[in-house]
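Enquirer: Take this structure first; my questions come after.
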There are 2 protein chains.
Amino acid sequence: MLTRILTQGPIPRVEIARRTGLSQAAVTKAVAPLIEAGFVTDQPAVPAEADNQLGIGRPVSPLTVIRNSVSVIGLKVTPTALIGVTTDFTAGILTVRHQKLDDTTPDTVIERLTDLAKELIKSAEVTAGPLIGIGVAVSGDVDARRGLVRHSPLMGWRDVAVADLMAKRLKVPVVVTNDVRALTVAEHWFGVGVDADSFAVVTIGSGIGCGLYINGEVVSGAYGVSGELGHLPLAPGELVCTCGRRGCVETVASSDAILTRTRETTGRPRLDLAGAIKLAHEGDEHAREAFDRAGEVIGSALAAMVNLVGPELVVIAGEGVAEYDLYEERMRQAFADHAFGAAGNCRLMLRSHTFDDWARGAAATVIRSYVRGEPPLQR
Amino acid sequence: MLTRILTQGPIPRVEIARRTGLSQAAVTKAVAPLIEAGFVTDQPAVPAEADNQLGIGRPVSPLTVIRNSVSVIGLKVTPTALIGVTTDFTAGILTVRHQKLDDTTPDTVIERLTDLAKELIKSAEVTAGPLIGIGVAVSGDVDARRGLVRHSPLMGWRDVAVADLMAKRLKVPVVVTNDVRALTVAEHWFGVGVDADSFAVVTIGSGIGCGLYINGEVVSGAYGVSGELGHLPLAPGELVCTCGRRGCVETVASSDAILTRTRETTGRPRLDLAGAIKLAHEGDEHAREAFDRAGEVIGSALAAMVNLVGPELVVIAGEGVAEYDLYEERMRQAFADHAFGAAGNCRLMLRSHTFDDWARGAAATVIRSYVRGEPPLQR
């Protein structure tokens, strides 16, 4: 019930009854404790939004969540920075903090994450409701149930018990999640997922990731791994990936791979990514070739994913989107070359994401666990 | 309710109540019309099976479907043969008919399919209950909702309205489905799916296909396409696939591709598949190389699929399984090389399938549609 009001509200009781097949009396009964607990109200919490998709025809006391009834913290870990946000109950960002990171050893990162969380807790006390939990998004193989980062090639981590280590220090429930899956949860509950029956979120940047939403739920993988688009064996086998395998998409298409290639072919070993992007925009053929290679492999990977799971919509997101124009054409061409039959009808939608969105995804994961009453979060 | 009794029965009412959260009175009420209609009975229909997984402890009048309360026909179309089965309500095969095919034009095949169905209808009248429908399994891009084979490269078909053409002639509801998806439905309702939370069925033979069961349902694809493992762009780009694309898995791993390769490298243009298999078993290095190449690409494709959707279990099935020993080692090695992290924990299970199983899958699809009351099937 709370899920429905959160993701589809403001929504009148009669509409909930219609969509669930419950009687209106049953809906009223189920909603009462949510109103009493202060999560939900009979009136739109934000009057400016009363003019919503239900039209002007004065909806009969639509139910809406009280946005500031709780607050949530989302943290995103990258090798060079930590990003933290506090959000309200609808994953709306309230505050943002960025912190540089110059040491990726687990101990240091946990320490710095804890400090960042403390800072955000203080800020949240001023602006929002009681904190329900902290979400931490990390790239790689994450065992969310045990709160463990099993292997994050990008961070160089193996078996880091992030949730326990942080929860002990902060006395707040901590949830750890794969970063792309967090983004997918955010899209599912508060983004494109509200309207699409199935979708994929593909992130392009220092890693290539993919979150899948199929048959009514985010795909989590029986062993906690799924959506590893960056580790499909679609590239030539010469290069070894950060994960230790050969032929991964990321060996050609990650921003590091593009930079390395451009440095080699231009003979400029001190070039940085911004410099490589600038060169490519200026038409340097070596730099362009590196982006072309990346676009080709990303397009093939998108086709592989679409041929297997056939989503309605593919959202392309990530820090790499800034250079999107450099590989878009090749990517779309390779996608068209390899998408099978009607699978290729799926829309490729560009969505510019910032690092804040990743942190927001971690917060959305906390909100979902809280609403569902999943441990360690309880209402 | 019928679904549960069909896939989990024999099952006592009290157990249904426990699993569904309904009251026992509600279960009794829901079951009554099923008993009245003759689909379900209070006693095990086949006494020999009373000694079932519920143990000896005298289950309290378990509900079970009456197997012969309905009959179903399943047909599988291949370029060289039609295979037909009649089954009971639990997809148990009652009769089997094979028919050679020497012409794959849609008109001829529809005609021959219709004849085969008529023959099976006659046999079903003798052995089983009233016919509820006919399922037709075809490889390729099938629009099940419209009963249309959109594109079957293997058959050389485009936009063939199989369901309408056959239903008109036979006056029986006809359902058309992708063959691998049909096999997946059979595994979901009457096979490994009863115990696994997620699984993939991978078929190896003249085509390479894949059915996926994720988040409680078979993956159908927003545009009707999914599981096209044989058309992942994982092979070198020199060869053109039957689908017209380059680099598809099938260009190297289909039985035709293996045969073509062996003919070329051995310089024996008249070799047939049985001959190529024999050569490889005798240790001929050219023949072995063709199977090695196939195993390598199939293993990579399995890894790609597992990295994306992370199933609990992969069932390897299909007519190619007879030669399984020739590529198994390479396949497992390539899978191990490219499976990412814990995704590689999924079990690869070999399941020897015959063409009859494909036809049975088509019948299982009819049973599922019937129980769910999906058009064109109604109860």
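The values are calculated or read from the model by the stated rules, or taken from the named source; none is laboratory data. What you are looking at is a predicted structure, and each value in this text was computed from that prediction instead of being measured. Every residue, glycine among them, receives a Cβ derived from its backbone with ideal geometry; neighbour counts consider all protein chains shown. Calculation scope for accessible area: heavy atoms of the full protein, side chains included, ligands and nucleic acids excluded. Shrake-Rupley method; radii C 1.70, N 1.55, O 1.52, S 1.80 Å.
Enquirer: How many residues, within segment A:244-262, are open to solvent by 20 Å² or more (accessible area, probe 1.4 Å) and within 8 Å of chain B (Cβ to nearest Cβ)?
Expert: Of the residues in that region, 2 qualify.
Enquirer: Can you tell me which residue in segment A:171-200 is modelled with the lowest pLDDT, limited to those that are part of a helix (DSSP H, G or I) and of a type in the set (Val, Ile, Thr)?
Expert: Top of the filtered list is A:Val194.
Enquirer: Hey, can you tell me all the residues within segment A:284-317 that are away from chain B (no Cβ under 14 Å) and within 22 Å of A:Asp197 (Cα to Cα)?
Expert: A:Ile316, A:Ala317
Enquirer: Please go through segment A:264-287 and pick out each residue that is part of a helix (DSSP H, G or I) and either of a type in the set (Gly, Ala, Ser) or buried (at least 19 other Cβ atoms within 10 Å of the Cβ) (or both).
Expert: Correct list: A:Ala274, A:Gly275, A:Ala276, A:Ile277, A:Leu279, A:Ala280, A:Ala287.
Enquirer: Just to be sure before I move on: is B:Glu250 of a type in the set (Asp, Glu) and touching a strand residue (DSSP E or B) at 6+ places or on another chain (Cβ under 8 Å) in the structure I sent?
Expert: yes
Enquirer: Which residue is farthest from the chain's Cα centre (by Cα), if the candidates are limited to segment A:2-38 and must be surrounded by 18 or more Cβ atoms within 10 Å (Cβ to Cβ) and in a loop (DSSP other than H, G, I, E, B)?
Expert: Here the answer is A:Pro12.
Enquirer: What residue, among those in segment B:356-369 that are open to solvent by 10 Å² or more (accessible area, probe 1.4 Å) and in contact with a Phe, Trp or Tyr (Cβ under 9 Å, 6 or more places away or on another chain), is farthest from B:Pro33 (Cα to Cα)?
Expert: Taking the candidates together, the pick is B:Arg360.
Enquirer: Restricting to segment A:201-231, count the residues that are hydroxyl-bearing (Ser, Thr, Tyr), within 11 Å of chain B (Cβ to nearest Cβ), part of a loop (DSSP other than H, G, I, E, B) and open to solvent by 20 Å² or more (accessible area, probe 1.4 Å).
Expert: Adding up the residues that qualify gives 2.
Enquirer: Moving on. Which condition number does A:Asp159 fail, the rest of (1) in contact with a helix residue (DSSP H, G or I) (Cβ under 7 Å, 6 or more places away or on another chain); (2) open to solvent by 40 Å² or more (accessible area, probe 1.4 Å); (3) part of a strand (DSSP E or B) being met?
Expert: Among (1) in contact with a helix residue (DSSP H, G or I) (Cβ under 7 Å, 6 or more places away or on another chain); (2) open to solvent by 40 Å² or more (accessible area, probe 1.4 Å); (3) part of a strand (DSSP E or B), A:Asp159 violates only (1).
Enquirer: Among the listed residues A:Ala303, A:Ala290, A:Ala317, identify the single one that is closer than 27 Å to B:Ser226 by Cα, at pLDDT 95 or above and buried (at least 24 other Cβ atoms within 10 Å of the Cβ).
Expert: Numbers: A:Ala290 fails: closer than 27 Å to B:Ser226 by Cα; A:Ala317 fails: at pLDDT 95 or above.
Exactly one residue qualifies, and that residue is A:Ala303.
Enquirer: Just to be sure before I move on: is A:Gly283 among the small types (Gly, Ala, Ser), within 21 Å of A:Leu239 (Cβ to Cβ) and free of Cβ contacts under 8 Å to residues at least 40 places away in the same chain in the structure I sent?
Expert: The answer is no for A:Gly283.
Enquirer: Looking at segment B:79-96, which of the residues that are of a type outside the set (Val, Ile, Thr) and surrounded by 18 or more Cβ atoms within 10 Å (Cβ to Cβ) is farthest from B:Ser369 (Cα to Cα)?
Expert: Start the filter on segment B:79-96 by keeping residues that are of a type outside the set (Val, Ile, Thr), which leaves B:79, B:81-82, B:84, B:88-89, B:91-92, B:94.
Adding the requirement that they be surrounded by 18 or more Cβ atoms within 10 Å (Cβ to Cβ) leaves B:82, B:84, B:88-89, B:91, B:94.
Working: B:Leu82: 23, B:Gly84: 19, B:Asp88: 15, B:Phe89: 12, B:Ala91: 13, B:Leu94: 20 Å.
Within segment B:79-96, the match that is farthest from B:Ser369 (Cα to Cα) is B:Leu82.
Enquirer: Okay, moving on. Could you check A:Ala144 against (1) touching a residue at least 60 places away in the same chain (Cβ under 8 Å); (2) within 14 Å of chain B (Cβ to nearest Cβ); (3) open to solvent by less than 20 Å² (accessible area, probe 1.4 Å) and say which number it fails?
Expert: Answer for A:Ala144: the failing condition is (3).
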